[in-house]
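Participant: Just dropping this structure here.
Read-outs throughout are calculated quantities, based only on the coordinates presented, and are distinct from any laboratory measurement. Small disclaimer: the values here were computed from a predicted structure and weren't measured. Note that we place each Cβ from the backbone using ideal geometry, even for glycine, and neighbour counts take in every protein chain shown.
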Amino acid sequence: MTAKGKALPRLDLPPLRQVGRPLRRVDALGKAVGTTVYAGDFTMPDMLHAKVFRSSEPSAHIKQLNVNKARALPGVACVLTADDLPDGKLITDMPGQTGQERRKESDAPVLAARGVRFVGEPIALVAAETLAIAEQALKLIEIEYEVLPGVFDPLEAIKPGAPIIHKPDNIVASWKIRKGNAEAGLAAADLIVENTFRVPFIDHAYIEPEAGVAWMDDQDVINIRVCTQVVEHFRSIAQAVGVPHNKVHVRGTMIGGGFGGKEDITVEIFLALLTKETRRPVRLAYTREESILAHSKRHPFIITHRTGVKNNGRITGAKINMISDSGAYPYLSPYVLLYATVTSCGPYRIDNLTVDSVSVATNNPFASAFRGFGGAQAAVAYEQQMDEMAKALAMDPLELRKINYLKTGDFNAIGQQIKSAIWLEEEATQALAALGKKESVSDDAIKIGQGFATTMQSYGRIMWFHDTSRSWVGIEQDGTIVVRCGAPDLGAGQANSLCLIAAEVLGVSLTDVTFYNSDSAVTPLAGTTTATRQLYMSGNATLKAAKMVREVLLDRAAQHFREKPNNLDLADNKVFIKSDPQQWLSLADLSKMCAVDGLKLQHLALFAAPFADKLNPENLQGDIFPDFTFSAHAIEVAVDTKTGEITVLKSVGCHDVGRAINPIAVEGQIQGGSAQGIGYALMEEVQVRDGVTRTPSLSEFLIPTAKDLPTTRAIILESGTGVGPFGAKGIGEPALTPAAPAVANAVANAIGVRIHNLPLTPERVLAALDRAKRG
Amino acid sequence: MLPEFELLMPRTLPEALEMMDESSKVMPLAGGTNLLVDLRGRLSRPQTLINIGGLDELRGVRVEDGYIVVGSAATIADLKRNALIAKHGQALRQAATVFANPLIRNRATIGGNLAYGSPAADAAPPLLVLGAEVELLSKDTRRTVPLEEFITGVRKTVRHPRELITAIRWPIPPEGSVGVFRKLGLRKADAISVLSIAVMLLHMDTGDCDQLRIALGAVAPTPIRAAAAEDLLDGGPLTPEVIAQAAQLASEATQAIGDIRGSAAYRKRVITALVQRLLTNLAKDTKEKKH
Ligand SMILES: Cc1cc2nc3c(=O)[nH]c(=O)nc-3n(C[C@H](O)[C@H](O)[C@H](O)COP(=O)(O)OP(=O)(O)OC[C@H]3O[C@@H](n4cnc5c(N)ncnc54)[C@H](O)[C@@H]3O)c2cc1C
């Protein structure tokens, strides 16, 4: 017999009143009318302005760095170089968790000391009375480089003799899956299909470039107001600037988009160093160009699938190889690669599987987290591979998939049993049905195509990180509710969902809830807003805390009404007898009664995800994620075969989100995620040549405009089987993942030939048509 | 951050002309959609800007002596909604429709588009096929230069530093003329042209054969006319063979280069394909009209 853990306060919730309804988001009005305050909006009296001096070379030894003239410029308060730092390193592993996958000595320095490894690497910091003076000071910094040979292609970087970015070699991380016998599986196949797919560097292109302001308070605490997905970075910041952890206080603001680009530290350490040095408030805000130069990119991947399949469509075995370009510093590359590896074969049952993956250092911009986190790159490959196999078998693409889909209770590539619903077939069928018939065109040069993709994407963090979240819920004496939870709001509606959960459980309306969040010192730590984890983690923590408050309220009301707590309910700011709703008491009065009795009306709850041990590196078999979201996306395109231009005509996303806490917010995620996925497929690419970005601004790095996107129809399914509150799964990342491969499949369907590299530029379309013509 | 500069606000055109100067330290500012970007990127370092965008004398579209005259400070949005342009500058109207985005269109001016001298200026090919001229005025000179001679190279024009473009004008095309514009960018809005094409059929009511004009953008150091193609088409019927040959000649007229937006070979190939398509559609339309 297993010992039972401490039971959660169990309360049978009556049918949901607000969860699941399309209520206006709590953050909507402020954004619509412009009253929401972002990190770049803050100023302080006596504030200095900061700028960062960055490397212009991708690979060089710093022979000489002279900042004397900059220091001497009137109005310059301070110039810092690596010499002035305690031993500043950016801790580039998973913050606040027990991960530690990166190699020793490969962390990025806060400021480059002896050498630089990519264009844009920070070398010196300036703080001055005005921004103009700070900019002028940058120009007075003298630097002499000894240019060293660099390496810019991961395939070159793994060859013997390549320049080494971090000793002993350029392998940043590698993983392998060994399941069954891949050789035997391939040997048993009637047909073997092999393809190599490539995806490029892309930028997050959030609307809000990185910004922050920092100051010292009267306890010598360094306060940093900043847009970040991770307030827990306060520890790494403290370590880098050489103060105790409790002397850094991160106050997160509403974020103007992050998509993983604000998961790593951006301006925080620079601000902390400068404010500590000058003891004055300091502001640092990147321009768009500096943002593109300074923050991470999505990893380019080269992915090869070799898949064996029977004539009847059953996959017998597969070998998959993945190479990612981590750029100059590892950051989260080992984990991005791990996510890609785990989902490398998609939501299909493949009993004989070998996967080898490697992340390689180069002198390119560094790559790290980006919505989809390796799972998106993997999906671009496996879903195109499925269509290529269907084509080789002359089989309908959905038929082939149906034969191979994982089913609830099956074990995935790493041998983890999937316990939640897998509704892929239903999702694909509904998405394709919503797409309808192909549009007809009269012009022979225009080809119409349809395609779809079905994907799996984890939500919640890797289980060996031992992820936790905390939330605090309290009721005031007038019956209004306060929620305090450290979760940063990315703009995706995190705050709204947590408020809604509290409102539901405590029977108040959404506007009766006030939310404090994203503060590393005064709100309970809730972990990162990454990995599609906040609704799951902090949603569960908030649900738990709200239920604790509800229990106190109902117990006290039970005394008052001389009824059992189970016979009472909370709604419309009242407690009432279920069988006789005319007998009620306002929450305000009830809350006052509780206060008179000295009852506990504020509760802090901890939610801990299921923990697991680290997987065996020899085969990666075991449990790794709390659960997965399964999704489908269908696309119709028109391709102009004379110019290569692609027009997306229709777009449908169908996702089982377990439970839609707020359908408007879910639809927003599906709209936004698919827009990002369509951009990934069609046009987004940070072009890098010899380490230099050729797309330094939004004039060259193109993301889709409203004219490039049809309205994506969002079909929301609710299996109720997720591990989030009320059976919810995650939607943040899953919304993006299937869109790009769906576009690629639609284009291949239109022109009858596969383009193996994203983005699908007009020029690549014509080149593919030429190849097809040559045969 | 924008560098510091002095901003002068003339109230009248003569006042503005008075402020103009020999040196490149003084520059006119119209919509600022090129200039402010360049200032911020330190690609241009004027000390003084003269704001001409608000001058009444430079706004508006009017008919004058058989010409359409467009004030240089007319915005792209003005062109897009102007009835005279819709009738007598069809290709230009189409270019205005796909130009940048609504915000930029509200500020960007036709004068600024030409004065900047970009090979990718979207107003240029339509104006070339319309046979437009550029009116240049300084404190004590006035001249009119055909657009073909106005832009001389990448970011180079014959404009003297003291001159302002005051207007762009073209003869009212004969009734029944048709103009079309096609732009290819890497997305459907707010994209710099990878290439652009304007084609115009001038209907000759004299009974002579209709005349065809073709202009190309972003495929040479300046926007160009495809003269050889036009000569071939001159007078003859628009048969598929002639069209194909003309499209080939148009492509040969380019000096396309490769950049991050596309290779030279791609540009040349698509010029051929699109000139062929535009001419074929034109031939079909005119045939339908005659029947
Ligand atoms: C986001 C964005 C999108 C864009 N998209 C397009 C596009 O799709 N197609 C396109 O063609 N362009 C595009 N542009 C470029 C620009 O908007 C156009 O070239 C515009 O027409 C420039 O006009 P302006 O009035 O803003 O010029 P300004 O920036 O004010 O001036 C440009 C130059 O011309 C000079 N100048 C201006 N007016 C006169 C005058 N009357 N006499 C003499 N000199 C003068 C100025 O001194 C300056 O050197 C885009 C720009 C941006 C920022």
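Participant: Could you tell me what percent of the DSSP beta bridges with both partners in segment A:428-558 are antiparallel, to the nearest 5?
Facilitator: 45
Participant: If you don't mind, there's one more thing I want to ask. Using helices alone, I'd like the mean residue ellipticity at 222 nm for chain A: each DSSP H run of four-plus residues gives -39500 (n - 2.57), total over residue count, nearest 500.
Facilitator: The helix-only estimate for chain A comes to -8000 deg cm²/dmol at 222 nm.
Participant: What is the diffusion coefficient of chain B in µm²/s, taking the Kirkwood radius over Cα pairs and the Stokes-Einstein relation at 20 °C with a viscosity of 1.002 mPa s?
Facilitator: Rounded, D is 110 µm²/s.
Participant: Say the cut-off is 18 Å between C-alpha atoms; which of A:Lys179/A:Lys319; A:Lys773/B:Lys188; A:Lys707/B:Lys183; A:Lys447/A:Lys650 go over it?
Facilitator: The answer is A:Lys773/B:Lys188.
Participant: Take segment A:21-68, compute every pairwise Cα distance, and split them into 5 Å bins from 0; I just need the percent in each bin.
Facilitator: Percent of Cα pairs in each bin: 4, 10, 13, 12, 9, 9, 10, 10, 7, 8, 4, 2, 1.
Participant: Calculate the mean, over all residues of peptide B:267-276, of how many other protein chain Cβ atoms lie within 10 angstrom of the residue's Cβ. Present the calculation step by step, with values, prior to reporting the outcome.
Facilitator: Numbers: counts 1, 0, 6, 8, 0, 1, 7, 3, 0, 1.
Across the residues of B:267-276, the mean count of other-chain Cβ atoms within 10 Å is 3.
Participant: When only C-alpha pairs under 8 Å and at least 6 residues apart count, what is the relative contact order of chain A, in percent?
Facilitator: 16
Participant: Next up: Explain nothing, just compute: Karplus ³J(HN,Hα) = 6.51 cos²θ - 1.76 cosθ + 1.60, θ = phi - 60°, for every residue of segment A:627-643 in order, whole Hz, x for Gly and Pro.
Facilitator: The phi angles translate into 5, 10, 9, 10, 9, 9, 9, 10, 9, 10, 10, 10, 10, 8, 6, 8, 10 Hz.
Participant: Moving to a separate point now. Given the peptides B:252-258, A:204-210, arrange them by the average over their residues of other C-beta atoms within 10 Å, most packed first.
Facilitator: A:204-210, B:252-258
Participant: Percent of alpha carbon pairs in segment B:56-171 separated by more than 25 Å?
Facilitator: 13
Participant: Restricting to chain A, compute how many DSSP beta bridges are antiparallel as a %, nearest 5.
Facilitator: So the antiparallel bridges in chain A amount to around 80 percent.
Participant: Using Stokes-Einstein with the Kirkwood hydrodynamic radius over Cα pairs, what translational diffusion coefficient do you get for the protein assembly as shown at 4 °C and a viscosity of 1.567 mPa s, in µm²/s rounded to a whole number?
Facilitator: So the translational diffusion coefficient is about 41 µm²/s.
Participant: Is there a simple number for the mean count of other chain Cβ atoms within 10 Å of the Cβ of residues in B:178-186, and what is it?
Facilitator: Details: counts 0, 0, 0, 0, 1, 0, 5, 3, 11.
Across B:178-186, the average partner-chain Cβ count within 10 Å equals 2.
Participant: Which links in A:Lys31/A:Lys262; A:Lys578/A:Lys600; A:Lys159/A:Lys402 stretch past 31 Å when you go from one Cα to the other?
Facilitator: In this structure, A:Lys159/A:Lys402 lie more than 31 Å apart at Cα.
Participant: Can you tell me what the convex hull of the Cα atoms of segment A:432-478 projects to on average, as an area in nm²? Write out the running numbers ahead of the final one.
Facilitator: Details: hull surface 38.3 nm².
With every direction weighted equally, the projected area is 9.6 nm².
Participant: Taking every pair of alpha-carbon atoms in segment A:633-686, give the share separated by more than 14 Å as a whole percent.
Facilitator: Result for the distance tail: 62 percent.
Participant: Then there is this: Would you list the P(r) distribution for segment B:6-51, with all Cα-Cα distances sorted into 5 Å bins from 0 and each bin expressed as a whole %?
Facilitator: All Cα pairs considered, the percentages come to 6, 23, 31, 24, 12, 4, 0.
Participant: Are there DSSP H segments in chain A that both extend 27 Å or more along their axis (alpha-carbon positions) and score a mean Kyte-Doolittle hydropathy of at least 0.0? List them, or say none.
Facilitator: Within chain A the helices that satisfy the rule are A:663-682.
Participant: Using alpha carbons only, how many angstrom separate the centre of segment B:216-284 from the centre of segment A:733-775?
Facilitator: Segment B:216-284 and segment A:733-775 have Cα centres separated by 27 Å.
Participant: Here's another thing I want to ask about it. Taking A:Lys247 as the anchor, which aspartates and glutamates have their alpha carbon closer than 12 Å to its alpha carbon, excluding any fewer than eight residues away along the same chain?
Facilitator: A:Asp217, A:Asp218, A:Asp220
Participant: Among all the lysines, which ones have a C-alpha under 18 Å from A:Lys51's C-alpha, if same-chain residues fewer than 8 places away are not counted?
Facilitator: A:Lys69, A:Lys139, A:Lys276
Participant: Determine the percent antiparallel among the DSSP beta bridges restricted to chain B, to the nearest 5.
Facilitator: Taking every DSSP beta bridge with both residues in chain B, the antiparallel ones total about 85 percent.
Participant: Now for a different question. Using a Cα-Cα cut-off of under 18 Å, which aspartates and glutamates could be cross-linked to B:Lys139, ignoring same-chain neighbours fewer than 8 residues away?
Facilitator: Straight-line reach from B:Lys139, under 18 Å: B:Glu15, B:Glu18, B:Asp21, B:Glu22, B:Asp56, B:Glu57, B:Glu163.
Participant: What average count of beta carbons from other chains do you get within 10 Å of the Cβ of residues in A:695-701?
Facilitator: 2
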